[in-house]
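S.K.: Quick one: the structure is below, and I'll ask about it shortly.
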Amino acid sequence: EPEVTQTPSHQVTQMGQEVILHCVPISNHLYFYWYRQILGQKVEFLVSFYNNEISEKSEIFDDQFSVERPDGSNFTLKIRSTKLEDSAMYFCASSEWRDRASPLHFGNGTRLTVT
Amino acid sequence: GDSVTQMEGPVTLSEEAFLTINCTYTATGYPSLFWYVQYPGEGLQLLLKATKADDKGSNKGFEATYRKETTSFHLEKGSVQVSDSAVYFCALSEWGATNKLIFGTGTLLAVQP
């Protein structure tokens, strides 16, 4: 079964540094998402992306965050200047359709540790 | 706004015991409902879903019925196995919106042999 692939599995960075998290969504999917899960807390929506633009974003997704689909297969999340509170597990997801019944397929996540 | 509430864990059961994980939701519209499972070291996997009232989602022996009257979507399994040990997340997708998911806090299930 096709999978969403995320790299790296674990990223350690120093506060203030830029970090880019990588995702390869399922090839025929058109809608892409980033979620995060701070340790012990809920899985939270960050952003959705379709047709090379952001379709929705949460309050968490401030100016420090950006997303890009640079080459038609990758989907990246960039954090420009990381803060300690950005430490979390970041999940990429994709779906074939946009309707509410179309399930999201998630990657295994990237654990980001900001020191 | 819309929200999902699920029972706190951890839930510890012996093999072959009956499992119930409660999930209730608050929604302004008519959401779709999902259960996702996260095995140790892995990502979130869709376990089952239901898109309208009285629908029953089922997969791998797990079941959940969309109860609009009680705004609930409880997860059940008649006989759990050690391999079912994981974190289970209830989630909803809002009516009329994108399929953005709103998750519950997750319930850790530990099944002992």
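The values are calculated or read from the model by the stated rules, or taken from the named source; none is laboratory data. Model, not experiment: these values are computed from the prediction. Neighbour counts are summed over all protein chains in view; Cβ atoms, including those assigned to glycine, are modelled from backbone coordinates with ideal geometry. For the accessible areas, the whole protein counts, side chains as well, though only heavy atoms, and no ligand, DNA or RNA atoms are used. Shrake-Rupley method; radii C 1.70, N 1.55, O 1.52, S 1.80 Å.
S.K.: For the stretch A:35-53, indicate whether the set of residues that are open to solvent by 30 Å² or more (accessible area, probe 1.4 Å), within 18 Å of B:K100 (Cβ to Cβ), among the hydrophobic types (A, V, I, L, M, F, W, C) and within 14 Å of the chain's Cα centre (by Cα) is non-empty.
M.R.: No, because not a single residue in the stretch A:35-53 is open to solvent by 30 Å² or more (accessible area, probe 1.4 Å), within 18 Å of B:K100 (Cβ to Cβ), among the hydrophobic types (A, V, I, L, M, F, W, C) and within 14 Å of the chain's Cα centre (by Cα).
S.K.: If you check every pair at least six apart or on different chains, which have Cβ atoms under 7 Å apart with a residue in the stretch A:39-61 that is closer than 21 Å to A:T110 by Cα first and a residue that is in a loop (DSSP other than H, G, I, E, B) and aromatic (F, W, Y) second?
M.R.: Once the first residue is closer than 21 Å to A:T110 by Cα and sits in the stretch A:39-61, its partners that are in a loop (DSSP other than H, G, I, E, B) and aromatic (F, W, Y) give A:L46/A:F61; A:V47/A:F61.
S.K.: Here is a follow-up. Select from the stretch A:62-84 the residues that are assigned to a loop (DSSP other than H, G, I, E, B), in contact (Cβ under 8 Å) with a residue 12 or more places away in the chain and either under 13 Å from the mean Cα position of the chain (by Cα) or closer than 17 Å to A:Y31 by Cβ (or both) and list them in ascending order.
M.R.: Scanning the stretch A:62-84 gives A:R69, A:S73, A:N74.
S.K.: Taking only the stretch A:87-98 into account, find how many residues are farther than 13 Å from A:H29 by Cα and open to solvent by 10 Å² or more (accessible area, probe 1.4 Å).
M.R.: 2
S.K.: Right, something else. Taking the stretch B:35-59, which residues are over 13 Å from the mean Cα position of the chain (by Cα) and open to solvent by 10 Å² or more (accessible area, probe 1.4 Å)?
M.R.: B:Y39, B:P40, B:G41, B:E42, B:T51, B:K52, B:A53, B:D54, B:D55
S.K.: Separate question: Specify which of the listed residues (B:S83, B:S32, B:S14) is free of Cβ contacts under 8 Å to residues at least 60 places away in the same chain and either open to solvent by 60 Å² or more (accessible area, probe 1.4 Å) or touching a Ser or Thr at 6+ places or on another chain (Cβ under 8 Å) (or both).
M.R.: Unique residue meeting the criteria: B:S83.
S.K.: I'm checking my understanding of the structure. Among residues of the stretch B:78-96 that are over 20 Å from B:N22 (Cα atoms) and in contact with a Gly (Cβ under 8 Å, 6 or more places away or on another chain), which one is modelled with the highest pLDDT?
M.R.: The selected residue is B:W95.
S.K.: Going by the conditions given, is A:R69 surrounded by 14 or more Cβ atoms within 10 Å (Cβ to Cβ) and more than 8 Å from chain B (Cβ to nearest Cβ)?
M.R.: Answer is yes for this residue.
S.K.: In the stretch A:85-115, what residues are within 8 Å of chain B (Cβ to nearest Cβ), within 16 Å of A:V4 (Cα to Cα) and not in a strand (DSSP E or B)?
M.R.: A:W97, A:S102, A:P103, A:L104, A:G107, A:N108, A:G109 - these are the residues of the stretch A:85-115 that are within 8 Å of chain B (Cβ to nearest Cβ), within 16 Å of A:V4 (Cα to Cα) and not in a strand (DSSP E or B).
S.K.: Please work out if B:Y25 is away from chain A (no Cβ under 12 Å) and assigned to a strand (DSSP E or B).
M.R.: yes
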